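What follows is calculated from the coordinates using simple rules that are stated; it is not laboratory data. Note that the structure is predicted; figures quoted are calculated from it, not measured. When we count neighbours, we look across all protein chains shown, and the Cβ atoms used for this are built from the backbone with ideal geometry, even at glycine.
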Amino acid sequence: MCCVTTTSPAFAGRPAPGSAGTVPGPRGWPLLGSLPDFARDPLAFFSRLRDEYGDWAEWRLGTQRNVMLSHPDQVAEVLAQMESTATRTDLGWAFRQVLGDGVVVARGEDWRRKRALVQPAVRPRQVRAYAATMVDCAAETAASWEPGQGIELHSALTALTRRIAVRTLFGTDIAAGREDAIGEAMAVAQAEIGAELRGVTLFLPPWVPTAGRRRLRAAVDRLDEEIDRVVAAHRATHRSGGAERDDLLSRLLAARDAHGAPLSGKELRDEAVTLYIGGHETTSTALTWLWYRLAGAPEARARLDAELAEVLPDGRLPGFDDYARLTWTQQLVKESLRLYPPIWLSTAIALEGARVGGRDVAPGTRLWFSTWSLQRDPRWFADPEEFRPERWSPDAAPGEALDAAWVPFGGGPRTCLGARFAQVEAVLLTAVIAQRFRAELPDGLRIDPVPHLTLQPSAPIPVTLAAV
């Protein structure tokens, strides 16, 4: 990946951070602001803002003025103000096409209503019920592999989490065999969202056609067809007096708001897509990075083997109750989410009364923070580029890690609803696969992260499966 160069106009001639009478931030290009540097490499751009300008950096994306926040206290303040003195930013046409007006995108009273309807479906008690499906799918996948077999890590783990997402969301008997159709549409949608976020199409009116927008629209149409099909099947089962179902979609169909109103057909579609992304895209990405780094960390792998032998003797498959006992596996997941947060960027718009870091923030100001740069800041994490799961041990030395700077699921009132589902899934799937296999990387292979909708690998990751 290219890095932001120090000679670009966006960074040239800047005042020294903290100079009297100046506002720290890059000068930018005429009309474009820092868009070229942002588009070239968003991850490097936000890290550079942090390092060059400090915790409060003002910059332009086109003609839009923004503030980049790089201190955990600032980020916590913004997250705590969501739905009071701050609100979600519109992330563009492509993002809206995929997520619609789901709970992740909704604001104000509309968000509060949808959160109340969706939240019961992903409470810890429900996650416990889905744990068996997670483990069954992982065991089926592991049983289909052989020692010495070569697989592409990302696509294999994506297929696994896709199967789990479809079964827990739509139900096994109704959605079986449809995982690929839904997954392929989502893969196209994710790539096009990432391309729009990094390019000039973010500023184009919705009616301007581009090749990327046509690809996205076709993918969304296919996704909508699949979801309409399974919703219709669920409704037909209910009308015919069939057995009660325990999947997420059935819970959404049964949900009623404070006035007794159900989710509309459009709302059902939007929440189904939101839960699908939360239960599949983010987890497959996190697992891919975990196994990529674990393959090059023999000491961490040895500790994993020892924990599995103790907690799951004789190769017993894990259940929900084992999650709490798999403490090292949890640390592996947490460290992977620190180094490679699937949701790498968050934004908000300041409303009347917003205040951050002791400053009054003018209404309409766009506030940004990069989970990537925050969680790789050497002020909060010793040796931040290193994969060190032990930093999350209760016995870790002071200064190893700052919990307040670990925010892969956000925080405040809009904390990710699927955080518990994702963490339990990642731990149980890692345990099941690691009971049977190690992943061996080719010598010298290096894979960089690329920011799409989630933080994706820059290239395929070929591995050889070795028996444990």
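For this structure, a couple of remarks:
- On full extension, the segment bounded by Glu352 and Trp29 gains 113.3 nm, given 0.36 nm per residue less the C-alpha separation.
- Zero-based 5 Å bins, Cα pair distances in the stretch 268-386, whole percents: 2, 9, 12, 15, 16, 14, 12, 8, 5, 3, 2, 1, 0
- Charges were assigned to the Cβ only: +1 to each Lys and Arg, -1 to each Asp and Glu. The resulting dipole of the chain about its Cα centre is roughly 1160 debye.
- In sequence order, calculated HN-Hα J values of the stretch 369-384 (Karplus, 6.51, -1.76, 1.60; Hz; x Gly/Pro): 8, 9, 4, 4, 6, 5, 7, 10, 7, x, 5, 10, 9, 4, 6, x
- If both residues of a DSSP beta bridge must be in the chain, then about 90% of such bridges are antiparallel.
- Neighbourhood charge, 15 Å Cβ-Cβ cut-off, centred on Gly358 and excluding it, Lys, Arg +1 and Asp, Glu -1: -2
- Neighbour counts of C-beta atoms inside 10 Å place Leu441, Leu216, Leu402 in the sequence Leu402, Leu441, Leu216, starting with the fewest.
- Computed over the stretch 376-468, the quotient of the alpha carbon radius of gyration and 2.2 N^0.38 Å is 1.32.
- Within the stretch 34-49, backbone nitrogen closer than 18 Å to the virtual label 7 Å beyond the Cα of Ala459 toward Cβ: none
- Mean projected area in nm² (Cα convex hull; one quarter of hull surface) for the stretch 280-319: 3.5
- Karplus-derived 3J(HN,Hα), 6.51/-1.76/1.60, for each residue of the stretch 220-234, Hz, glycine and proline x: 5, 4, 5, 4, 4, 4, 5, 5, 4, 5, 6, 5, 4, 5, 4
- Value of Rg/Rh across the stretch 119-162 [Cα atoms, Kirkwood radius]: 1.12
- Each of Ile164, Ile461 was scored by other Cβ atoms within 10 Å of its Cβ. Arranged with the fewest first, they read Ile461, Ile164.
- Summed over qualifying helices (DSSP H, 4 residues or more, each -39500 (n - 2.57)) and divided by its residue number, the chain shows a 222 nm mean residue ellipticity of -14500 deg cm²/dmol.
- Table column - 3J(HN,Hα) (Hz), the stretch 69-79, Karplus curve with 6.51, -1.76, 1.60, x for Gly and Pro: 10, 10, 10, x, 5, 5, 4, 4, 4, 5, 4
- Size of the stretch 21-65: Rg and Dmax of its alpha carbons, in Å, are 10.0, 31.
- Rg in Å to one decimal, and Dmax rounded to a whole Å, for the chain via C-alpha atoms: 22.4, 73
- Residue exposure proxy: Val463, Val166, ordered by other Cβ atoms within 10 angstrom of their Cβ from fewest to most, comes out as Val463, Val166.
- Assuming charge only on the beta carbon of Lys and Arg (+1) and of Asp and Glu (-1), the dipole of the stretch 37-112 about its Cα centre is about 240 debye to the nearest 20.
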